[in-house]
Amino acid sequence: MNKNVRVRFAPSPTGPLHIGGLRTALFNYLFAKKHNGTFILRIEDTDQSRFVEGAEQYIIDTLNWCNIPFNEGPYRQSERKHIYKQYAEQLIDSGNAYYAFDTTEELDFHRKDHEAKGKTFIYNWHNRLKLKNSISISEEEVKTKLNSGVDYVLRFKSPQDETLRLKDIIRGDITIDTNILDDKVLFKSDGMPTYHLANIVDDHLMEISHVIRGEEWLPSLALHQLLYNAFGWKAPEFAHLPLIMKPTGKGKLSKRDGDKLGFPVFPLEWKDPKTGEVSKGYKQEGYFPEAVLNFLAFLGWNPGTEQEIFSLEELIADFDLKRVHNAGARFDPNKTKWYNHHYMQKQNNDDLAKQFKAQQFQLSTIDLDYVSMVVGLIKERAAFVNEFWDLSHFFFVAPNSYDEKASKKAFKDGTKELMLELVSVINSIKDFKVETLQTKIKGWITSSEIGFGKVMMPLRLALVGSLKGPDVFNIMFVIGKIETIKRIERAIASI
Ligand code: GLU
């Protein structure tokens, strides 16, 4: 790369960030880091009617949670409003844009009229002269209108009969016939630019070297390239990331898919400020940010090897836009859990124990070391901290009942006597360690020719309340001698 890499993540604050948006941020971040570049956050809030309170903070909180901070910004287009007008005027002066005065009703009429005739209405050279704009009406009239304060917009004058050759790092060369292009609105009489104008002006002024964004912006690429040409500016390079598709079937991943199948589509929980509706977030569902980043990286990119686990540093080292594919990336909710399970195993037991304690009020008075020891025994079976209690409650609270089916299997004739004998074996063990317990109890079973199941099953049931849980000797060691004997005696009394 022979120029300074400067990339931007440019979300519009219209609600919570979809995980697709977070993937765009991640790919921008990875690209910037890989090339020692700058990652910029730009809030594209020119459409005030779609502005949602709290959305910008949500974006920042998300980037921080994921540990992919921006180095510049946040810039807000609403605070840069004064900049855009001169550029709009520059386009008028160079003949690349014109004033249009058509009302919404008039445009609707044309649209419907075309539809009725089986045609699509495009506001371009084809229809310009039939519409109300500075190309179809006299200069005098335009002046009068502008002075009278009526609403107007500024439209880009798309060229007629030209073939545009566009480049995309991921998709290669793209050819566009300019006759299909609409004369998009660039500026409105309320003094606000539209997305297209503000986006191009800002990318230019901020010296953006690469625009990395979602595929939904590919249809805007032609206009953007034309705008760069009209200003006489060099365009950045473009890379349009593939859509993230539903787990099954056609179409892109929506919040509805998540609601239906029970997974979040937003990184953080979001409470709609208007309706109060709460949407699930990966963070609150118990995902680790490393797992979220790892699965997002694989939505559209792959390293070309078998390796699936990538730390952020490894992603930075291996990421390459050339290895991003253009076909839609299918979202697999099970894979995200698989990643979380993996990152769970790598987490430090003390850290997990802290999270567990924070979630489970019964643990508030229990020693962190004890909780940490328990976590070490059960985390292998968990993908989320919120599964810990189900897997470990018997380490903290003695069972007050025994699973019915398991009791039938484990508590048989003769069990009571065996359990009494077991208590005396346990009582005789001075060095209450896992290995000693194992040797002594197994030795007793073998030498008395009892059969393992006959002892181990009722023992587990006595300690756990069901036939689940980690290794019995580990459980005994953790809860200790006194508690072990107490639980066995209670089970004896119930048989
Ligand atoms: N504001 C646009 C969005 O919300 C940005 C598109 C772009 O990156 O050019 O996604």
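The values are calculated or read from the model by the stated rules, or taken from the named source; none is laboratory data. Note that this is a predicted model, so its numbers are computed, not measured. Cβ: placed from backbone, ideal geometry, glycine included. Neighbour counts: every protein chain shown.
Could you tell me whether Ser254 is buried (at least 17 other Cβ atoms within 10 Å of the Cβ), among the small types (Gly, Ala, Ser) and either away from the ligand (no atom under 14 Å from the Cβ) or under 25 Å from the mean Cα position of the chain (by Cα) (or both)? Give the derivation first.
Details: buried (at least 17 other Cβ atoms within 10 Å of the Cβ): no; among the small types (Gly, Ala, Ser): yes; either away from the ligand (no atom under 14 Å from the Cβ) or under 25 Å from the mean Cα position of the chain (by Cα) (or both): yes.
Criteria not met by Ser254.
For the stretch 455-467, what are the residues that are in contact with a Leu (Cβ under 8 Å, 6 or more places away or on another chain) and either at pLDDT below 95 or outside any helix (DSSP H, G or I) (or both)? Outline the logic, then answer.
First, the residues of the stretch 455-467 that are in contact with a Leu (Cβ under 8 Å, 6 or more places away or on another chain): 455, 457-461, 467.
Within the stretch 455-467, just Leu467 meets the criteria.
If Gln225 passes every condition in (1) crowded, with 18+ Cβ neighbours inside 10 Å; (2) part of a strand (DSSP E or B); (3) not aliphatic (A, V, I, L, M) but one, which one does it miss?
Only one criterion is unmet by Gln225, namely (2).
Quick check on the stretch 6-20. Is at least one of its residues in a loop (DSSP other than H, G, I, E, B), of a type outside the set (Ser, Thr, Tyr) and without any contact (Cβ under 8 Å) to a residue 40 or more places away in the chain? Before you say what the answer is, go through the steps one by one.
Filtering the stretch 6-20 for residues in a loop (DSSP other than H, G, I, E, B) gives 10-18.
From the residues that got through so far, the ones that are of a type outside the set (Ser, Thr, Tyr) too are 10-11, 13, 15-18.
Checking which are without any contact (Cβ under 8 Å) to a residue 40 or more places away in the chain leaves us with none.
For the stretch 6-20, residues in a loop (DSSP other than H, G, I, E, B), of a type outside the set (Ser, Thr, Tyr) and without any contact (Cβ under 8 Å) to a residue 40 or more places away in the chain: absent.
Does the stretch 236-249 contain at least one residue that is within 21 Å of the chain's Cα centre (by Cα), within 16 Å of the ligand (Cβ to nearest atom) and exposed (fewer than 13 other Cβ atoms within 10 Å of the Cβ)? Before the answer, list the steps.
Of the stretch 236-249, the ones within 21 Å of the chain's Cα centre (by Cα) are 239-249.
Still in the list and also within 16 Å of the ligand (Cβ to nearest atom): 239-244.
Of the ones still in play, those that are also exposed (fewer than 13 other Cβ atoms within 10 Å of the Cβ) are none.
The answer is no; no qualifying residue exists.
With the checklist (1) surrounded by 15 or more Cβ atoms within 10 Å (Cβ to Cβ); (2) within 14 Å of the ligand (Cβ to nearest atom); (3) farther than 24 Å from Ala239 by Cβ; (4) without any contact (Cβ under 8 Å) to a residue 40 or more places away in the chain in hand, flag the one item Pro74 doesn't pass.
Only one criterion is unmet by Pro74, namely (3).
Considering only the stretch 197-217, I want to know if a residue exists there that is at pLDDT 95 or above and more than 30 Å from the chain's Cα centre (by Cα). Walk me through how you get there before you give the answer.
Filtering the stretch 197-217 down to residues at pLDDT 95 or above leaves 197-217.
So of that shortlist, the ones also more than 30 Å from the chain's Cα centre (by Cα) come out as none.
No: the stretch 197-217 contains no residue that is at pLDDT 95 or above and more than 30 Å from the chain's Cα centre (by Cα).
I need the full set of residues from the stretch 235-262 which are over 20 Å from Ala25 (Cβ atoms), part of a loop (DSSP other than H, G, I, E, B) and not basic (Lys, Arg), in order please. If you could, list the steps in order and put the result at the bottom.
Filtering the stretch 235-262 for residues over 20 Å from Ala25 (Cβ atoms) gives 235, 246-251, 256-257, 259-262.
After this cut, where a residue has to be part of a loop (DSSP other than H, G, I, E, B) as well, the list is 235, 246-251, 262.
The answer is Ala235, Pro247, Thr248, Gly249, Gly251, Gly262.
Quick one: Pro289 ticks every box in (1) touching a Lys or Arg at 6+ places or on another chain (Cβ under 8 Å); (2) within 15 Å of the ligand (Cβ to nearest atom) except a single one, so which number is it?
Here Pro289 clears every test but (2).
Can you say whether Leu164 is over 43 Å from the mean Cα position of the chain (by Cα) and either β-branched (Val, Ile, Thr) or under 27 Å from Tyr84 (Cα atoms) (or both), as far as the supplied structure shows?
Working: over 43 Å from the mean Cα position of the chain (by Cα): no; either β-branched (Val, Ile, Thr) or under 27 Å from Tyr84 (Cα atoms) (or both): yes.
For Leu164, the condition - over 43 Å from the mean Cα position of the chain (by Cα) and either β-branched (Val, Ile, Thr) or under 27 Å from Tyr84 (Cα atoms) (or both) - is not met.
When Pro74 is evaluated against the numbered criteria (1) part of a strand (DSSP E or B); (2) within 24 Å of Leu223 (Cβ to Cβ), which criterion, by number, is the only one it fails?
Unmet for Pro74, out of (1) part of a strand (DSSP E or B); (2) within 24 Å of Leu223 (Cβ to Cβ): (2).
Of all the strands (runs of 3 or more DSSP E) wholly in the stretch 95-170, which have at least 2 residues that are farther than 26 Å from Gly232 by Cβ?
Working: elements: 97-100, 153-156, 163-168.
Of the strands (runs of 3 or more DSSP E) lying wholly inside the stretch 95-170, none has at least 2 residues that are farther than 26 Å from Gly232 by Cβ.
More than 16 Å from the ligand (Cβ to nearest atom), at pLDDT 95 or above, within 25 Å of Arg165 (Cβ to Cβ) and in a helix (DSSP H, G or I): does that describe Ala230? Break it down into steps so the answer makes sense when it comes.
Details: more than 16 Å from the ligand (Cβ to nearest atom): yes; at pLDDT 95 or above: yes; within 25 Å of Arg165 (Cβ to Cβ): yes; in a helix (DSSP H, G or I): yes.
When the stated conditions are applied, Ala230 passes them.
From the set of residues in the stretch 8-50 that are near the ligand (Cβ under 10 Å from one of its atoms) and hydrophobic (A, V, I, L, M, F, W, C), which is surrounded by the fewest Cβ atoms within 10 Å (Cβ to Cβ)?
Filtering first and then ranking leaves Ile43.
With Val185, Val211 as the choices, which residue is β-branched (Val, Ile, Thr), closer than 27 Å to Ala32 by Cα and either out of contact with any Cys (no Cβ under 9 Å at 6 or more places or on another chain) or away from the ligand (no atom under 15 Å from the Cβ) (or both)? Full working, then the answer.
On the way: Val185 fails: closer than 27 Å to Ala32 by Cα.
Just one listed residue meets the conditions, Val211.
Of the residues that sit in the stretch 188-208 and are free of Cβ contacts under 8 Å to residues at least 40 places away in the same chain and not in a loop (DSSP other than H, G, I, E, B), which one is nearest to the ligand (Cβ to nearest atom)?
The residue in question is Ile200.
Only one of these conditions is not met by Trp389: (1) closer than 19 Å to Glu483 by Cβ; (2) in contact with a Pro (Cβ under 8 Å, 6 or more places away or on another chain). Which number is it?
(2)
(1) surrounded by fewer than 18 Cβ atoms within 10 Å (Cβ to Cβ); (2) within 12 Å of the ligand (Cβ to nearest atom): which one isn't true of Asp61, the others all being true?
The single condition Asp61 does not satisfy is (2).
Quick one: which of Ile176, Ile180 is surrounded by 15 or more Cβ atoms within 10 Å (Cβ to Cβ) and aliphatic (A, V, I, L, M)?
Numbers: Ile180 fails: surrounded by 15 or more Cβ atoms within 10 Å (Cβ to Cβ).
Selected residue: Ile176, the only one of Ile176, Ile180 that is surrounded by 15 or more Cβ atoms within 10 Å (Cβ to Cβ) and aliphatic (A, V, I, L, M).
Starting from the stretch 473-490, keep only residues that are under 15 Å from Val397 (Cβ atoms) and modelled with pLDDT of 95 or more, then list their pairs with residues that are of a type outside the set (D, E, K, R) and buried (at least 20 other Cβ atoms within 10 Å of the Cβ) whose Cβ atoms are within a distance under 6 Å, requiring at least 6 positions of separation or different chains.
Taking only residues 6 or more apart or on different chains, the pairs are Ile475/Leu463; Val478/Phe395; Thr484/Met476; Arg487/Ala462; Arg487/Leu463.
Do we find a residue being under 20 Å from the mean Cα position of the chain (by Cα), within 25 Å of Asp351 (Cβ to Cβ) and crowded, with 18+ Cβ neighbours inside 10 Å anywhere in the stretch 316-324?
No, the stretch 316-324 contains no residue that is under 20 Å from the mean Cα position of the chain (by Cα), within 25 Å of Asp351 (Cβ to Cβ) and crowded, with 18+ Cβ neighbours inside 10 Å.
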